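Written out below as structure tokens is the structure these notes cover.
What follows draws every value from the coordinates through simple rules; no lab data is involved. This is a predicted model, so every value here is computed, not measured. With ideal geometry, Cβ positions are generated from the backbone for all residues, glycine too; neighbour counts draw on all protein chains shown.
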Amino acid sequence: MSHQLKVLVVGNVFGKYQKLFKRVSDVNKKAGPFDLLLCVGDFFGTDIEAYNELINGSTDLPAIPTYLIGRVPQHVSKSHPNFDQGFELVDGITFLGRSGILTTSQGLRIAYLSGSYRETMPDGDNNLDHFSRDHYESLLTSIGSSSSIIDILLTNEWPNGIFTHTTIDFNQSIIDQVNRNSSSIISQLCNVSRPRYHFVGNLNIFYERPPYRNHQVINETSRNVSRFISLADINNVEKLKWIYAFNIVPSKFISPEELVAQPTGVTENPFLNISTNMAQNNEQTQSKQYFYALDSDNNESNDRKSFKRRQEGNERNQKKQLKVDLENCWFCLASPNVDKTLIVSIGEFSYLAVAKGGLTDDHMMILPIGHIRSSLEIEDSQLRKEIEMFKQSLTKFFAKRHMVPVFFERNFRSAHFQIQVIGLPEEKASSLKQASSQIFSRFDFHELPHDTDLSDVLSPGVPYFFLECPGHYNFFVRINTKKEFFPIQIGRELLAHSSLLDCSHKVDWKKCTTNSDDATKLTTQIRNEFKQFDFTI
């Protein structure tokens, strides 16, 4: 079965519906059938009569699912008061809304952001002329909740710096126009989403940039390239290209090797300096993390010496925040927020608990009793030893079930570290390495030899993801907070992979929560089964 899709993209339509759909129909007859039509500019314009003909069925429409972004004029919005969230205009034509991700029935992932950036929304912005930081961050959160690749990104604004590393033939007036109407926020979005294709259509310019890399050669793992295309207006007098046709296979159906192939003429990423400057100005996005409040300090140093300096420099602030952290933390045993009904076993320095909204019934967590950010920051050798004892006990617990434990820890946007553990059927353990390569292919991840400790390769303060399956496979990811948005549920996504536990519908922990009675009953059952391996008794 072929997964290749044929897609059409158009720029500003300005209400010229008859011309648009006649051209689309002609192209569809000649080179189709096409699977999707996308509009990245102003679709509606100001022609109310043409709009009424469209919605009343007087306009001939091609049988192609059509998706729009852009401004919504008053003559449209009055019939769709919740247009911010999107709406169906007529059968087959959908306005996507302000921001979000569309996954088509064929598996194509399309991210979109309507309007131009404003730090806060202007009063009376009822046309989607603008988007705020909240809309931008909401999109980043959606992107970060999954490791799946964004196939297509649709925006109204150009990204700032798009001409970097290229030779262009435009005259200076066009370059100035682009510079005036481009946004560093969109540049950052490009770096976070790493779309395979990015379409823009608001400046009446046709421009197809050479593809650019989303990784640094030698220093980072290879990733997919991005292609940027700007489309002209439908009625432009210069006869510039306003409709673009291309073929695409959704990334979910492409092998990792094919996905990261680097074509001839590929350039370096044009947005690296822009993203670095934004990070230095503390414009890193924030997102909510399950179970507990977040710490926003993501400027971790890269070595022990600089980490020590950072600790000393923040010492007073940390002391002020300590009481607040303890009171608000979901995992400090002394905190009133801890759900003690989920506790399986308590040692002197750490404890074992059932995970709320677990991927499986035996999904558990090892946690320090004290407030510690990551396992690399453990200074007490007794705590470190006790955590290893819990791991050994859990290995025996799962062995009785003919399973192997998979331990993983994410030191990223976390205030109190947890080592999550999920049982994997023994016969599935051999598939863990290949599944990890697929899920983590776009990150800088490395296999860790069994005789090497995580502290041998990473320093305290460095954001990381670490997975350990004793006797089978260990790896770590060094998370670059300045260049990538790391999915906070990626550990669950890996274990839910079709070749492992095959439960992709359970990646989001919030969809897996149960009522308190069922959670208590499950914890009691796990506690009783774990007793024979519990060293704390």
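Can you tell me the relative contact order of region 5-280? Whole percent, Cα pairs under 8 Å, sequence separation 6 or more.
The value is 20 percent.
Determine the calculated [θ] at 222 nm for the chain from helices alone, applying -39500 (n - 2.57) to every DSSP H run no shorter than 4 residues and normalising by the residue count; nearest 500 deg cm²/dmol.
That comes out to -8000 deg cm²/dmol.
Strictly over 30 Å apart at the Cα level, which of 29/78; 385/531; 252/511; 30/239; 433/531; 252/428 would you flag in this model?
29/78; 433/531
With label points built 7 Å along Cα→Cβ from the Cα atoms of residue 508 and residue 240, find their separation and express it in nm.
Placing both labels 7 Å beyond Cα along the Cβ direction yields 3.9 nm.
Between residue 55 and residue 134, what is the label-point separation in nm under the 7 Å Cα-to-beta-carbon projection?
Reported label-point gap for residue 134 and residue 55 is 2.6 nm.
So how do 237, 457 line up by other beta-carbon neighbours within 10 Å, fewest first?
Fewest to most other Cβ atoms nearby, the residues stand as 237, 457.
Using 0.36 nm per residue, how much length does the chain from residue 79 to residue 262 gain when fully extended, once their Cα-Cα distance is taken away?
61.2 nm
What is the calculated FRET efficiency for residue 517 to residue 216, with r their C-beta to C-beta distance and R₀ = 56 Å, to the nearest 0.05?
Working from the Cβ atoms, E equals 0.60.
Taking just the alpha carbons, could you work out the radius of gyration and Dmax for region 5-280, both in angstroms?
Cα only, region 5-280: 18.2, 58 Å (Rg, Dmax).
With label points built 7 Å along Cα→Cβ from the Cα atoms of residue 118 and residue 456, find their separation and express it in nm.
About 5.7 nm separates the two model spin labels.
Relative to the Cα centre, what is the charge dipole magnitude of region 484-529, using +1 at the beta carbon of each Lys and Arg, -1 at the beta carbon of each Asp and Glu, and rounding to the nearest 20 debye?
Numbers: 6 positive and 7 negative charges, 24 e Å.
With Lys and Arg at +1 and Asp and Glu at -1, about 120 debye.
Out of all DSSP beta bridges with both ends in the chain, state the antiparallel percent to the nearest 5. Spell out each step's value before the answer.
Numbers: 48 of 75 bridges.
Rounded to the nearest five, the antiparallel share is 65 percent.
Packing-wise, with mean Cβ within 10 Å as the measure, how do 340-352, 192-204 rank, highest first? Display every interim value, and only then the final one.
Numbers: 340-352: 18.5, 192-204: 24.5.
Sorting 340-352, 192-204 by mean packing, highest first, produces 192-204, 340-352.
Taking θ = phi - 60°, what integer Hz values does the Karplus form 6.51 cos²θ - 1.76 cosθ + 1.60 yield along region 446-461, in sequence order, with x for Gly and Pro?
9, 5, 10, x, 5, 8, 10, 8, 4, 5, 6, 10, 10, 9, x, x
Counting other C-beta atoms within 10 Å, which of 180, 373 has the fewest, and how do the rest follow?
Fewest to most other Cβ atoms nearby, the residues stand as 180, 373.
Are there DSSP H segments in the chain that both extend 30 Å or more along their axis (alpha-carbon positions) and score a mean Kyte-Doolittle hydropathy of at least 1.6? List them, or say none.
Answer set is empty.
Between residue 19 and residue 528, what is 0.36 nm times their sequence separation minus the Cα-Cα distance? Round to one decimal in nm.
Difference between extended and current length: 176.1 nm.
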